[in-house]
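To start, the structure itself, in structure tokens.
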Amino acid sequence: MAKLFSFKINGAYLRFLLKRNTRFMVLTGIAMTVLFPILAFTNYLIDGSYNQFVFTTGRVFILLLLVLSVFIVPFLLFSYLNSKKNLDVYHALPIKRRDLYFTTLLAAFAIILIPYTLVYIIGNVYYFSVIPNVDVILLIKQYYFSLALTLSIVTPILFAMMNTGTGVDGLLYGLLLHIIPSILYGAYVTFGSAVLLGFSVADPSLFLLYASPIWAIFELTFNTTRIFPNPILISLYWIAFGLITSWVVLYYYQIRRSEKAEEPFTNKWFFPVISSFFTFIVQFFLYSAFITLSGRGLDFRTLIFPFFLTFVMYLILDVIANRGFKHLIRGIINFAIIGALSLSTFTFGTLFDGFGYITRVPDANNVEKVELEYYDPYSFLYQSYYYDQTTFPIQKMYSEAEDIATIIETHEAILEGFKENGYKKWDGYSPLESTPRSGLDSALYQQSSNVSIVYHLKSGAKIARSYTVPFGWTTDLLNLVDSENVFKNRYPMLANPDAVVRNTVFDILDPLMSNSVTLSGKVNFKLFAAAYKSDYLSLNEQQHNYPDTGVLGIIHLTSCTSVDMCITRGIPIDARYTQTLSLLASSGVTLPTFISSEKLPIVVLPDATNEKAPFFHIQSLLGNVDFFTPSYYDEVKEGSVAIGMVKYIEIPQERIVELLPYIRTNAISEKAIGVLRVESNIVLSDRNTQYMFYLLDEDALPLLQQWRTELEVKEINYESIIYKYE
Amino acid sequence: MIQLTSVSKSFDNKLVLDRIDWTVKKGSVFGLVGPNGAGKSTLLRIISGVIKADNGQVTVDGEFVYDEPLVKKRILFLADEPFFLHQSTLREMKEFYKIFYPSFDETMYTKLLNNFPIPENEKINTFSKGMKRQTGLILALSVNPDVLLLDESFDGLDPVMRLTLKRFISREILNRDMTVVISSHNLRELEDICDQIALIDNKKVVMSGEVDTIKGDFHKIQVGFSHDVKEDIFAFLNPLHVDKMGNVFVVVAKGDIEGILDSIKKLEPVLVTELPLNLEEIFVYEMEGRGYGKTI
């Protein structure tokens, strides 16, 4: 073992190689300098200002050039391996083979890295001098990653060179070794997406991070947000990989025979193993891709074309390898074996539901936590705008046993629904025959929802699934409403008050948003956040989804984490928010009351004759689309167009207060009672309509009945109620 | 001293050298001859440490060679096609050799450069085949090794250069006690320069010794008769070769010349004359005697 690691670098030969390749280093250095920082400087000459993006682009390009030179330099320095006479001379030199190998490898490493390092330093010194607040530690880390991974990119190329006899074969198979992980991953993802219901990958780049050093060098250098797996550990993994493969290559270097040096393959197993594996995964990839494109499921007619396409590809590789058609019959037989193997694996994988992949749901006892992404069409749990996520990243992780059980139940309900449909994927449009959840309007029920679940098992493994399902299959998830995670996503600024730099709006409005009182300077924001959070979490899912008390006020809050990163929320308060109300009272805040509005509020009445059970939800105060179930309207045909007509009554200003005890927001009703629409005086900062909708409690029925008789019941186009047409 | 003990080598299960025992004395100039594919180059590559023998031992002055830099520093192997770095000049190649061979002699290099008109700073890949050979020899001789292994290195040189080089090598050997092994098909050249010779055939060294001793062991005799006789009349001599032109025969045989002449005279020839025999002829007749090339 000690002998394995004992080698001496021949300094004189190292210097000789560096001197001989000076021109190459100068050339790559110039090419890199043009991209970083000259590109940024020329951009400055044009725009008059420095653009950070141009610097980053330059850094990406010089890393690309680094990778490119990794492919070139081994062929410059180890080219003697491809000539019998040259190899004889090198092996006759008075230097141990391992010393010669490591000296040349070190020289290759230096030739690749010297220009990169110089340009990296010069470019970043320039960057540092013109761009403020540069993260120097990050720049050093990025350089370290490129340094750490270079060896692991070089060694597969050297491995290909050691097993092939010509530069072209070495380059071809070096490239092949580098792209095999990507094709393997592509085949896995395409196969999963094509035939496996619920297929999802927990961390899309995780596999390539460990399988492809080229992917890893870019991912580690430029994905600065990655925390897990630890980038330093990954870099150490690749350093270890590079060192181990260096010794594997050394083994092949030492046994390389000059008699075979000029043959296409110096190792008789190299071509069969690499080309067979490559063909196998390309076939798998193409089968999956063609099945996806055809949309016909497993139909063998679809597989004919990719089968023959890979046949031609394999024969081309075989002909190149054998420098002719001499072994064509053997090549055809080999391909037949590979084809049979891939076809049978593919077919079995498809017919047996991915060998249990589809139906697997983990036992709750084995689950440590669950990552959930749930995009339902009604924003029941929370809505998060894309710009919100940059301010407050969406919280997906559920670790409470109760929440985990809820997610697993939903997962099982989804699988039950698919089981009745033969585990076929749902296109999101065509109505499904089975109904795992009853009690919903079909229009509500069939709305497409996306659910992505990643189970983090106690063993450290992850199980990821992703489904597009009818909303009706996911209603169990509404039970998560009382979890801290939903609170974090609904009101991120209250969940993370320390992250808030300032509040541009901190007011309390009356329930119908006609009047406001500022809280700034009166109420301590952090105390408010703590009180509201405590109140929110004290309510269970029943109390959240089916509130039994009227809204008392709405907090209008716009919080910023930096100058241009702000989000707005309308936060309802009712009598159950005792700590919040106490805080407001102790801070001398009086809740504002309704003042008259120019526009009359209206109550939309459900169609009394419609007996469908409506599952109705009033969205949170920033919902951008409000929805009435068909229970609320009659469809009237105008030509070929069906128009929903709703009945409503206009409520005189002075009578609106009678309705206040019954108005609810963020609530669900299983009966069609009525919906109050007001045109508020105050518009929440980033809401684009003044219309606000409130669900009415069942207790409002006598009052509504009375108004039906006292006030005029009118009829209007459904959309005119929802959208304001100026 | 180069010592090979029971050295065997195979390539892809094909035996190339079979239990070779061979010794080259220090300071000698050894010619290595043999038919194509006999294993001459393989033998030189084993001695130089390029490849490892499958069996047996190879030592130079008692030390193993393969992957032993200290010994290999004293050996220089010049292959049949000389190697030069891509796009290199003679000056760059000199630097290359100086890295690995501390014995590289700048004075010798200058002297050789004065004798051979090779431009030092021009790209070697622009040189003719003969110039490349000269370049290779300049570098090899400048290394000043204890053991110089030349694999058909004189092929491609014009006669003047060949002669100059031969003289140079002869002089240097005398001055420096260098051991030289030269493989070649051109036995006339070897005869001029080598003091010892070895013949490889059928995977073995079948003949090895001083050039003069070998030459003294082979005899070419012209024999004339007054009457017609058959060729097989010489069968008792085990001749390597018999030529007949009328009643005159040319017989090539091995052994003591006095004994051979006495035996021939008993056949009552009218003419018995010993003819001169060079090394090339000996090689040809010896190989014919072993069945090589007889069918052509």
Being more than 16 Å from residue B:183 (Cα to Cα) and free of Cβ contacts under 8 Å to residues at least 24 places away in the same chain is the filter; apply it to region B:12-37 and report the residue that is surrounded by the fewest Cβ atoms within 10 Å (Cβ to Cβ).
-> B:13
Sort through A:118, A:175 and tell me the only one that's surrounded by fewer than 17 Cβ atoms within 10 Å (Cβ to Cβ) and under 23 Å from residue A:18 (Cα atoms).
-> A:118
Out of the residues in region B:5-31 that are hydrophobic (A, V, I, L, M, F, W, C) and over 12 Å from residue B:204 (Cα atoms), state the one that is farthest from the other protein chains (Cβ to nearest Cβ).
-> B:29
Would it be correct to say that residue B:164 is of a type in the set (Ser, Thr, Tyr) and either free of Cβ contacts under 8 Å to residues at least 24 places away in the same chain or over 29 Å from residue B:61 (Cβ atoms) (or both)?
-> yes
Sole exception among (1) under 21 Å from the mean Cα position of the chain (by Cα); (2) surrounded by 15 or more Cβ atoms within 10 Å (Cβ to Cβ); (3) not charged (D, E, K, R) for residue A:160, by number = (1)
Out of all the residues in region B:86-107, is one or more in contact (Cβ under 8 Å) with a residue 60 or more places away in the chain, surrounded by 20 or more Cβ atoms within 10 Å (Cβ to Cβ) and not in a helix (DSSP H, G or I)?
-> no
Hits in region A:58-73 (condition: farther than 16 Å from residue A:121 by Cα and among the β-branched types (Val, Ile, Thr)) = A:67, A:70, A:72, A:73
From the options A:101, A:13, residue that is within 11 Å of another protein chain (Cβ to nearest Cβ), over 24 Å from residue A:138 (Cβ atoms) and surrounded by 14 or more Cβ atoms within 10 Å (Cβ to Cβ) = A:13
Residues of region B:37-67 being part of a loop (DSSP other than H, G, I, E, B), more than 8 Å from chain A (Cβ to nearest Cβ) and over 20 Å from the mean Cα position of the chain (by Cα), in sequence order, are B:52, B:53, B:54, B:61, B:62, B:65, B:66
More than 18 Å from the chain's Cα centre (by Cα) and either hydrophobic (A, V, I, L, M, F, W, C) or over 25 Å from residue A:174 (Cα atoms) (or both), is that true of residue A:239?
-> yes
In region B:234-255, how many residues are β-branched (Val, Ile, Thr) and over 11 Å from residue B:221 (Cα atoms)?
-> 0
Of these, B:274, B:231, B:258, B:210, which one is touching a residue at least 40 places away in the same chain (Cβ under 8 Å) and not assigned by TED's automatic domain parsing to the domain that holds residue B:36?
-> B:274
Quickly run through region A:538-566 and pick out the residues that are of a type in the set (A, V, I, L, M, F, W, C) and either at pLDDT 90 or above or surrounded by 14 or more Cβ atoms within 10 Å (Cβ to Cβ) (or both).
-> A:539, A:551, A:552, A:554, A:555, A:557, A:560, A:565, A:566
Within region B:68-82, tally of residues that are buried (at least 20 other Cβ atoms within 10 Å of the Cβ), within 7 Å of chain A (Cβ to nearest Cβ) and touching a residue at least 24 places away in the same chain (Cβ under 8 Å) | 3
Filter result (over 52 Å from the mean Cα position of the chain (by Cα) and aliphatic (A, V, I, L, M)) within region A:75-99 = A:89, A:92, A:93, A:95
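The values are calculated or read from the model by the stated rules, or taken from the named source; none is laboratory data. If you're wondering where the values come from, they're calculated on a predicted model, not measured in any experiment. Cβ coordinates were reconstructed from backbone atoms using ideal geometry, including for glycine residues, and neighbour counts include every protein chain displayed.
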